[in-house]
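Only one structure is covered here, and it is reproduced in the block below.
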């Protein structure tokens, strides 16, 4: 199991546009067999900041996600919206224990 | 619905001790009626860094959590483990839509 948190900061006024593109990608992503969760959250006090919480069955599933048409479409659509490069952090589950 | 991400940085070598105390708190917390999820993750490349991903039904549920015995026990147990103050960020759900 691999958990990835992607921290996104979009340009001012682009929060809604980013949301729309990202929900479309999330809806398609959760259909992938290797993806357990694909949550998107928006910071309460700063609508230009988001976190994508991605849970993959394994590292192969994370690599497979990057090969999908919906990922490519999302990546290209949001590229001009970024206020700064995305920061991606990898985590292991502590609780709940996703192995069991 | 209220989503809170708590970023934790513990002192070197205290990752396992923090994990144990935090799993105990998480197990009790998910029994609270106002708590939807209480996930704990540990950063892959730095075992001293954690995120608690807390999903509450509403702000009252978040306040109620702080009144529980298990929260107080956890707070006191982990206080001396912190390498720096915890940072707490509040989010709204974008996907999935937790209102529906």
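To keep it simple, each residue is scored yes or no on (1) within 12 Å of chain A (Cβ to nearest Cβ); (2) more than 23 Å from residue A:42 (Cα to Cα); (3) modelled with pLDDT of 95 or more.
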residue: B:12; (1), (2), (3): no, yes, yes
residue: B:15; (1), (2), (3): yes, yes, yes
residue: B:21; (1), (2), (3): yes, yes, yes
residue: B:42; (1), (2), (3): yes, no, yes
residue: B:46; (1), (2), (3): yes, yes, yes
residue: B:53; (1), (2), (3): yes, no, yes
residue: B:56; (1), (2), (3): no, no, yes
residue: B:64; (1), (2), (3): no, yes, yes
Next item on the list: Could you please find all residues in the stretch B:40-85 being exposed (fewer than 15 other Cβ atoms within 10 Å of the Cβ) and in contact (Cβ under 8 Å) with a residue 60 or more places away in the chain?
Entry: B:82, B:83, B:84
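Which residue is surrounded by the most Cβ atoms within 10 Å (Cβ to Cβ), if the candidates are limited to the stretch B:86-100 and must be under 15 Å from the mean Cα position of the chain (by Cα) and within 13 Å of chain A (Cβ to nearest Cβ)? Please lay out each step first, then the result.
Restricting attention to the stretch B:86-100, the residues satisfying the condition of being under 15 Å from the mean Cα position of the chain (by Cα) are B:86-91.
Add one more test, that the residue is within 13 Å of chain A (Cβ to nearest Cβ), and what stays is B:87-91.
Values: B:87: 11, B:88: 12, B:89: 17, B:90: 16, B:91: 23.
Ranking the candidates gives B:91 first.
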Margin query: It is to be established whether one or more residues within the stretch A:86-100 are in contact (Cβ under 8 Å) with a residue 12 or more places away in the chain, touching a strand residue (DSSP E or B) at 6+ places or on another chain (Cβ under 9 Å) and over 26 Å from residue B:87 (Cα atoms).
Written below: yes
Note to self: Among the residues that make up the stretch B:41-60, is at least one of them in a helix (DSSP H, G or I) and more than 21 Å from residue A:6 (Cβ to Cβ)?
What the structure shows: yes
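Out of the stretch A:6-23, which residues are farther than 20 Å from residue A:61 by Cβ and in a helix (DSSP H, G or I)? Steps first, please.
Start the filter on the stretch A:6-23 by keeping residues that are farther than 20 Å from residue A:61 by Cβ, which leaves A:7-21, A:23.
Correct list: A:15, A:16, A:17, A:18, A:19, A:20, A:21, A:23.
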Check: Assuming residue A:33 fulfils every condition listed in (1) closer than 28 Å to residue B:48 by Cβ; (2) away from every other protein chain (no Cβ under 11 Å); (3) outside any helix (DSSP H, G or I) apart from one, which condition is it?
Finding: (1)
Note to self: Any residue that is more than 9 Å from chain B (Cβ to nearest Cβ), in contact with a strand residue (DSSP E or B) (Cβ under 9 Å, 6 or more places away or on another chain) and in a helix (DSSP H, G or I) - is there at least one of those in the stretch A:75-82?
What the structure shows: yes
Check: Residue check, residue B:38 against (1) assigned to a strand (DSSP E or B); (2) touching a helix residue (DSSP H, G or I) at 6+ places or on another chain (Cβ under 7 Å); (3) farther than 19 Å from residue B:68 by Cα, all met but one. Which one?
Finding: (3)
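The values are calculated or read from the model by the stated rules, or taken from the named source; none is laboratory data. What you see is a predicted model; the values in this text were computed from it and never measured. All Cβ positions, even for glycine, are placed from backbone atoms using ideal geometry, and neighbour counts span all protein chains on display.
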